[in-house]
Amino acid sequence: MRSGSRRTLALQSYVSIENLSKSFGFFTAVDDVSIGIGKGEFFSLLGPSGCGKSTLLRMIAGFETPTSGAVRLDGEEVTDVPAHRRPTNMMFQSYALFPHLTVGKNIAFGLAQDRLARAEIRQRVSDVAEKLQLTALLDRKPQQLSGGQRQRVALARALVKRPKVLLLDEPLGALDKNLRTETQHELVRLQRELGLTFIIVTHDQHEAMTVSSRIAIMRQGKVLQIGSPAEVYETPVSRYVAKFLGEANVFEGGATRRSGNDLAVESAEAGGSVFATAADHVSTNGRFWVSVRPERVELARQGDGLEGVIEQFSYAGSGRHYRVRLKSGATLDALRVNLGAEDDLSVGDTVFASWMPQAARLLAD
């Protein structure tokens with residue numbers, strides 16, 4: 001990134017990650033990453049294990065020193081500032097609570113280390129405990145708490161120091177599914193109420209979609225796409241993003257016929273014509289692919305579309321998931337919302353799959 005662009009990024013962003021790289025020997029964990037995060041955003045770093053997201057978070061926190069690049073927080077460069085002197089705080093997946101201290105003393109620990117007055121410590125602990133519904137638990141020890149309560153204590157300990165940016169490294173990984181969902185919504189409520197900037201690392205696509213104002217999808221140390229949950233889901237920039245964020249049917253395209261903004265794409269992989277809306281950023285003269293989400297696929301016993309046989313069926317409460325074996329040999333996934341009526345499709349039935357052109361995306365990679 002040129003210096004002028006770097007200055008623009010810093011001016012526009014509350015947290016500026018500028019051409020940041022981190023290498024461990026011959027392995028590059030984070031590779032020339034630049035991200036601008038606005039004040040009050042709930043920003044997610046999403047990707048599989050080993051993609052570099054936690055290393056990136058640790059560089060923002062000051063626990064790792066970048067090999068190159070810069071980090072700015074609220075307009076000030078903090079690349080070489082030690083972690084304990086940055087206006088950030090981190091909440092870890094392990095919670096790292098002190099078992100011999102009460103909840104109240106766990107929350108107050110960082111404030112005591114900073115030698116704040118006792119009256120101010122008591123007031124801050126009381127305020128954050130009330131916000132997180134921990135007031136009745138202040139005299140208990142961590143082993144007397146549930147997993148969700150321990151999670152809230154760790155969050156309170158991070159918030160009580162009033163950081164400008166809260167960093168969360170897989171904070172909900174130890175919770176069961178129901179509690180995890182409940183806590184996701186609680187985090188969103190709390191973040192909006194406090195108006196703080198939250199940056200969360202997660203490998204859980206549903207979690208990122210639930211809590212985030214924007215998401216950065218990472219792979220092999222690089223950022224592939226940044227956008228709102230709707231943007232990255234509805235308009236993925238590559239086959240990897242389409243398949244990583246939710247489910248997607250992806251077929252390689254061939255010859256095309258244009259009708260207005262719509263394309264009929266011949267696909268040997270799909271075994272017939274598939275439809276999509278034309279995209280200026282994707283050339284149909286080279287290799288390209290058509291991607292469509294399962295919930296956009298219509299299945300019918302008769303009509304136009306790709307012919308196939310239902311090979312698998314699963315009932316998921318909110319919907320019915322079908323896997324169709326097309327005549328070409330490829331598979332296609334379709335999802336029907338459960339409206340309470342008995343489904344008339346079953347394994348072994350011949351069906352025709354189709355979708356509206358605007359439901360499909362053209363992908364160049």
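Once the convex hull of the alpha carbons of the chain is built, what does its volume come to per residue, in cubic angstrom?
That works out to 180 Å³ per residue.
Using alpha-carbon positions, what is the distance between the centroids of the range 112-133 and the range 233-284, in Å?
Rounded to whole Å, the Cα centres lie 55 Å apart.
Each label point is 7 Å from the Cα along the Cα-to-Cβ direction; what then is the distance between the points at SER49 and ASP304, in nm?
4.7
Whose amide H sits under 5 Å from the amide H of ALA278, counting only residues 5 or more places off or on another chain, with H placed in the peptide plane?
Amide H to amide H, under 5 Å and 5 or more residues apart or across chains, ALA278 pairs with ASP262, LEU263.
Given charges of +1 on the Cβ of Lys and Arg and -1 on the Cβ of Asp and Glu, with all other atoms neutral, how large is the dipole of the chain about its Cα centre, in debye to the nearest 20?
1540
Measure nothing but the geometry: give the 0 to 90° angle between the long axis through the Cα atoms of 177-194 and the longest principal axis through the Cα atoms of the chain, rounded to 10°.
So the inclination is approximately 60 degrees.
What's the local net charge at LEU57, with K and R +1, D and E -1, over the other residues with C-beta under 13 Å away?
Residues close to LEU57 contribute a combined charge of +1.
Stick to Cα atoms and the Kirkwood definition of Rh, then tell me Rg/Rh for the range 231-281.
Here the Rg-to-Rh quotient is 0.99.
Residue-wise, which Karplus ³J(HN,Hα) couplings in Hz belong to the range 88-104, taking 6.51 cos²θ - 1.76 cosθ + 1.60, θ = phi - 60°, and x for glycine or proline?
In residue order, the calculated couplings are 10, 8, 10, 10, 9, 4, 6, 6, 6, 7, 7, x, 8, 9, 5, 4, x Hz.
Need one value: the accessible area of GLU41 in square angstrom, 1.4 angstrom probe, rounded to the nearest 10.
Approximately 30 Å² of GLU41 is accessible to the 1.4 Å probe.
Positive end of the charge dipole of the range 1-138 (Lys, Arg +1 and Asp, Glu -1 on Cβ, about the Cα centre): tell me which of ILE60, TYR95, THR135 has its Cα farthest that way.
Going by the Cα projections, it comes out as THR135.
Any of LYS53/LYS105; LYS177/LYS327; LYS39/LYS131 with alpha carbons more than 29 Å apart? Name them for me.
Over 29 Å apart, Cα to Cα: LYS53/LYS105; LYS177/LYS327.
For LYS243, list the aspartates and glutamates whose Cα falls under 18 Å from its own Cα; do not include residues on the same chain fewer than 8 positions away.
ASP204, GLU207, GLU231, GLU234, GLU252, GLU269, GLU295, ASP333, ASP365
GNM on the chain, C-alpha springs below 10 Å: top fluctuator among ILE121, ILE199, ILE215?
It is ILE121.
Just how much of LEU138 is accessible, in Å², when a 1.4 Å probe is used and the result is rounded to the nearest 10?
Accessible area, nearest 10 Å²: 40 Å².
Taking Cα pairs under 8 Å and at least six residues apart, what relative contact order does the range 1-133 come out at, in percent?
For the range 1-133, the relative contact order is 20 percent.
How much area per residue is accessible in the range 2-239 when the probe is 1.4 Å and only protein heavy atoms are counted (Å²)?
Averaged over the residues of the range 2-239, the accessible area is 48 Å².
For the chain, give me the percentage of DSSP beta bridges that are antiparallel, rounded to the nearest 5 percent.
If we restrict to bridges inside the chain, about 75 percent are antiparallel.
How would you rank 80-87, 148-155, highest first, on the average number of other Cβ atoms within 10 Å across their residues?
Ranked from most to least packed, the peptides come out as 148-155, 80-87.
Using a 1.4 Å probe on the protein heavy atoms only, what accessible surface does HIS100 show? Give it in Å² to the nearest 10.
So the heavy atoms of HIS100 present about 120 Å² to solvent.
Whole-Hz Karplus ³J(HN,Hα) for the range 158-171, in order, using 6.51 cos²θ - 1.76 cosθ + 1.60 and θ = phi - 60°, x for Gly and Pro?
Once θ is set to phi - 60°, the couplings for the range 158-171 become 6, 7, 5, 7, 6, x, 6, 9, 9, 10, 10, 9, 6, x Hz.
Normalised by the residues of the chain, what does the relative contact order come to in percent, with Cα pairs under 8 Å and at least six apart?
15
Could you let me know the centre-to-centre spacing of the range 29-56 and the range 79-109, using Cα atoms, in angstrom?
About 21 Å separates the Cα centre of the range 29-56 from the one of the range 79-109.
Can you give the relative contact order of the range 196-309 as a percent, counting alpha carbon pairs under 8 Å and 6+ residues apart?
It comes to 18 percent, rounded to a whole number.
The values are calculated or read from the model by the stated rules, or taken from the named source; none is laboratory data. Keep in mind the model is a prediction, meaning the values are calculated, not measured. Cβ atoms come from the backbone with ideal geometry, glycine included; neighbour counts cover every protein chain shown. For the accessible areas, the whole protein counts, side chains as well, though only heavy atoms, and no ligand, DNA or RNA atoms are used. Shrake-Rupley method; radii C 1.70, N 1.55, O 1.52, S 1.80 Å.
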